[in-house]
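Data block below; observations after.
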Amino acid sequence: MRFVRELTSWLSGAAEADDFPYSPVLAEFHRVGKHFVEKELLALLDHVRAQVTAPAPGPPTPAGRLLRDFLDVALDKWDGRYDYRSYLALRLLRLPCGADDPPGSAEAVHAGGPAAHPDRARRDRDRLLARLVADALAFEEAAAAEATDLLPEDRPGREVVAKRHRLGVRAASPALARLGLAGAAHHPEPAAVLRALAADRTPAGEPALWLSMLPVYVSHDEYLFIRVLQAYECLFAGLVDELRATIAALAAGRARAAADRLAYACRQLTAAGPLFSLLATMQPAAFRTFRQYTEGASAIQSRSYKLMESLCRTPEEARLESPAYQQVPEVRDRVHAGQPSVDEAFRAAVRAGLLTGADVDLVARAMGAFAAAVLQWRRTHHRLATRMLGPRPGTGYTEGTPYLAAVRSIPVFSSVTPDPDPSSGARPSGGSPE
Ligand code: HEM
């Protein structure tokens with residue numbers, strides 16, 4: 001087998017991370033699905049990992065780090081630590097995925113304060129989101145043209161592929177416009193930009209993106225599922241940045257800056273709506289087939305989502321002690337350690353006289369609009385889960401959609417009420433945030 005031949009030859013040579021034979025390894029994972037890779041092959045990869053993680057002088061090289069992160073994703077089931085974050089290869093994508101967020105992640109970028117380099121962080125996220133969608137659409141096109149033998153089971157018909165294309169373009173267009181790549185008169189069509197981005201996605205140019213696709217089975221739709229979840233993770237990580245910056249702005253009494261950050265977050269979340277529509281084109285039967293092998297990986301383990309939730313408002317103790325936060329202990333610890341929230345920062349700013357008059361309304365309106373966007377996200381998510389899952393339990397060991405129905409109306413903020421019509425503004429609840 002090519003996998004064994006090339007790995008053995010790599011091991012008996014210089015075994016440099018730059019020359020690691022990724023292609024045959026990926027090909028084997030893709031041929032059968034991560035869940036079904038033979039034990040002997042995994043043992044061989046485990047042996048490679050022991051070599052590349054052996055203590056060496058100095059910090060790891062970028063190639064060494066990439067290889068280590070890839071092996072951790074590839075060997076998650078073998079190690080018995082398979083979960084949502086390893087399923088989505090979040091570490092490879094440099095997205096926050098644990099208490100030890102990798103250097104280069106947004107949190108590290110923001111170590112000098114949440115307001116440091118906001119444009120660069122936003123652009124990085126836009127670029128990643130656009131590339132994820134571009135790649136998902138490129139796979140759909142390649143499969144429809146029978147130009148790939150990757151994930152051959154349950155391929156959708158041409159109509160579904162066309163619909164996915166339309167929705168993917170809609171989901172990525174705002175990011176492309178912000179990046180200055182589409183949206184203006186002299187720009188190419190967003191679809192053409194996405195095609196160009198996908199063509200650029202060579203193993204040499206974008207290795208992390210290429211390596212971050214390790215489906216558990218060989219069902220076509222799992223590709224879409226993984227890319228949409230990764231895109232949402234990218235979005236949530238961005239919302240976390242915006243909320244942290246909002247808290248800092250409120251503490252400094254900068255109402256306009258706080259409202260702008262919230263408004264940006266609100267637009268991001270709302271503009272991502274077509275991602276859910278895109279995922280709704282998944283064939284429920286295909287989903288139910290591959291999800292048999294995703295047991296134990298659930299977005300209930302999404303660190304960024306729970307950070308987002310808890311940065312809005314400190315969750316009640318009952319929620320903190322429920323599976324929702326038991327699955328993300330590092331976030332629960334942050335809350336217990338006194339992580340500030342927008343809700344509290346808003347009240348404190350009003351109490352201290354840092355926000356007065358029209359500024360209170362300005363921030364309250366932005367909070368109300370953001371809360372409405374989060375509630376909308378939860379409702380759509382619940383509807384999608386009901387359609388795909390029916391009465392089955394979740395892969396995160398909750399009872400499934402009854403859990404989602406129960407949590408969808410948890411208040412986003414307690415100091416303002418969500419705006420039923422985000423374009424018209426929101427009021428502090430009870431007329432005052434006190
Ligand atoms: C086929 C589509 C989907 C289904 C059937 C589904 C189903 C579920 C279920 C049953 C849960 C409860 C936890 C569990 O037992 O697993 C859950 C939680 C969650 N899902 Fe999804 N989901 C889907 C898509 C998505 C997408 C695209 C995202 C975006 C990242 C997402 C984000 C979340 C989050 C953040 C939670 C935790 C909610 C909380 O604890 O309050 N889901 N999902």
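The values are calculated or read from the model by the stated rules, or taken from the named source; none is laboratory data. What you see is a predicted model, and the numbers here were worked out from it, not measured in a lab. With ideal geometry, Cβ positions are generated from the backbone for all residues, glycine too; neighbour counts draw on all protein chains shown.
Side notes on the structure shown:
- Failed item, numbered, when Val328 is tested on (1) surrounded by 20 or more Cβ atoms within 10 Å (Cβ to Cβ); (2) β-branched (Val, Ile, Thr); (3) more than 10 Å from the ligand (Cβ to nearest atom): (3)
- Glu399 meets each of the listed conditions (1) away from the ligand (no atom under 16 Å from the Cβ); (2) among the charged types (D, E, K, R); (3) modelled with pLDDT under 95 apart from (1).
- Qualifying residue in the range 368-380 (condition: within 16 Å of the ligand (Cβ to nearest atom), hydroxyl-bearing (Ser, Thr, Tyr) and at pLDDT 95 or above): yes
- Exclusive hit being on the phi > 0 side of the Ramachandran plot and in the same structural domain as Ala285 (by TED's automatic domain parsing), set Gly400, Gly394: Gly400
- Subset of the range 293-316 [within 11 Å of the ligand (Cβ to nearest atom) and assigned to a loop (DSSP other than H, G, I, E, B)]: Thr294, Glu295, Gly296, Ala297, Ser298, Ser302, Pro315
Rundown of residues vs (1) among the hydrophobic types (A, V, I, L, M, F, W, C); (2) surrounded by 16 or more Cβ atoms within 10 Å (Cβ to Cβ); (3) more than 30 Å from Lys34 (Cα to Cα), yes/no style:
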site: Leu151; (1), (2), (3): yes, yes, no
site: Val161; (1), (2), (3): yes, yes, no
site: Arg164; (1), (2), (3): no, yes, no
site: Gly180; (1), (2), (3): no, no, yes
site: Glu189; (1), (2), (3): no, no, yes
site: Arg195; (1), (2), (3): no, yes, no
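- Taking the range 1-97 and the helices (runs of 4 or more DSSP H) fully enclosed by it, the elements with 2 or more residues that are of a type in the set (A, V, I, L, M) and touching a residue at least 60 places away in the same chain (Cβ under 8 Å) are at 22-32, 62-74.
This table checks each residue for (1) of a type in the set (Val, Ile, Thr); (2) under 30 Å from Thr294 (Cβ atoms); (3) touching a residue at least 60 places away in the same chain (Cβ under 8 Å); (4) surrounded by 24 or more Cβ atoms within 10 Å (Cβ to Cβ).
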position: Tyr217; (1), (2), (3), (4): no, yes, yes, no
position: Asp221; (1), (2), (3), (4): no, yes, yes, yes
position: Arg227; (1), (2), (3), (4): no, yes, yes, yes
position: Gln230; (1), (2), (3), (4): no, yes, yes, yes
position: Leu239; (1), (2), (3), (4): no, yes, yes, yes
position: Ala245; (1), (2), (3), (4): no, no, yes, yes
position: Ala252; (1), (2), (3), (4): no, no, yes, no
position: Arg256; (1), (2), (3), (4): no, no, yes, no
position: Ala259; (1), (2), (3), (4): no, no, yes, no
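- Test result for Ser302, closer than 18 Å to Ala406 by Cβ and either modelled with pLDDT under 95 or not assigned by TED's automatic domain parsing to the domain that holds Leu362 (or both): no
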